[in-house]
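Following: one structure in structure tokens, then a few remarks.
The values are calculated or read from the model by the stated rules, or taken from the named source; none is laboratory data. Worth saying up front: this structure is predicted, and the values here are computed from it rather than measured. A quick note on method: Cβ atoms are made from the backbone with ideal geometry, for glycine too, and the neighbour counts reach across all protein chains shown. These area figures cover heavy atoms from the full protein model, side chains too; ligands, DNA and RNA do not enter into them. Shrake-Rupley method; radii C 1.70, N 1.55, O 1.52, S 1.80 Å.
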Amino acid sequence: MTNAIEHFTARLTFETDVSDVHAAMTAGTPNLVVVDSRGAQAWAQGRIPGAVHLPTADIAVRAAETIPAGSEVVTYCWGPGCNGATRAALEFAKLGYRVREMLGGYEYWVREGLEFETSAGRESRPADELTAPRWAVSCDC
């Protein structure tokens, strides 16, 4: 049982989900920096409002000038079929940042009906009932 406790504690320490990130951003959690680790074309297609664009390949070189020391970094990439957020989180961890990976990525942010932005402005889509309750931001789990 100890192995299971250690395993799930570690997961909750290093992973977060879309609804928890949204709640933290809405609450104005101090020192929270959400990082979009995708490339320029993906960023242009859409992103989480307030996210910082820092592609994984640039983290080692640009993190110190872009992300304040002491920040709690949350990385995201496209979605659950992509491990880009994991690679980005690893780069931040190597630099000594407190970091978590946002499970579901940009895909689930949009699918859960949360607001996203493009160069044309902010928009949202109806929540996909296979990913989130239609009338709530959280599944209350």
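Give me the percent of DSSP beta bridges within the range 24-117 that run antiparallel, rounded to the nearest 5.
10
What do you reckon, how do ARG122, ARG47 stack up by accessible area (1.4 Å probe), largest on top?
On the way: ARG122 145, ARG47 30 Å².
Correct descending sequence by accessible area is ARG122, ARG47.
List the residues, sorted by chain then number, that are 5 or more residues from THR75 or on another chain and whose placed amide H is less than 5 Å from its amide H.
When sequence neighbours closer than 5 places are left aside, the close amide H contacts are VAL35, ARG100, GLU101, MET102.
Using a 1.4 angstrom probe, figure out how much accessible area the chain has per residue, in square angstrom, rounded to the nearest whole.
On a per-residue basis, 58 Å².
Using Cα-Cα distances under 8 Å and only pairs 6 or more residues apart, what relative contact order does the chain have, in percent?
So the answer I get is 23 percent.
Give me the percent of accessible area attributable to carbon and sulfur for the range 20-89, probe 1.4 angstrom.
The value for the range 20-89 is 55 percent carbon and sulfur by accessible area.
So for the pair VAL61, GLU6, with labels modelled 7 Å out along Cα→Cβ, what separation do we get in nm?
So the label points at VAL61 and GLU6 sit 3.9 nm apart.
Quick one: compute a quarter of the convex hull surface over the Cα atoms of the range 53-117 and quote it in nm².
Projected area, direction-averaged: 4.4 nm².
Translational diffusion coefficient of the range 1-109 at 20 °C, 1.002 mPa s, Stokes-Einstein with Kirkwood Rh over Cα pairs, in µm²/s as a whole number.
Value of D from the Cα-based Kirkwood radius: 153 µm²/s.
Under a crude label model (7 Å from the Cα following the beta-carbon direction), how far is HIS53 from PHE14 in nanometres?
2.9
Expressed in nm to one decimal, what extension gain is obtained for the pair GLN41 and SER119 from 0.36 nm per residue of sequence separation less their Cα-Cα distance?
This chain segment gains 26.9 nm when fully extended.
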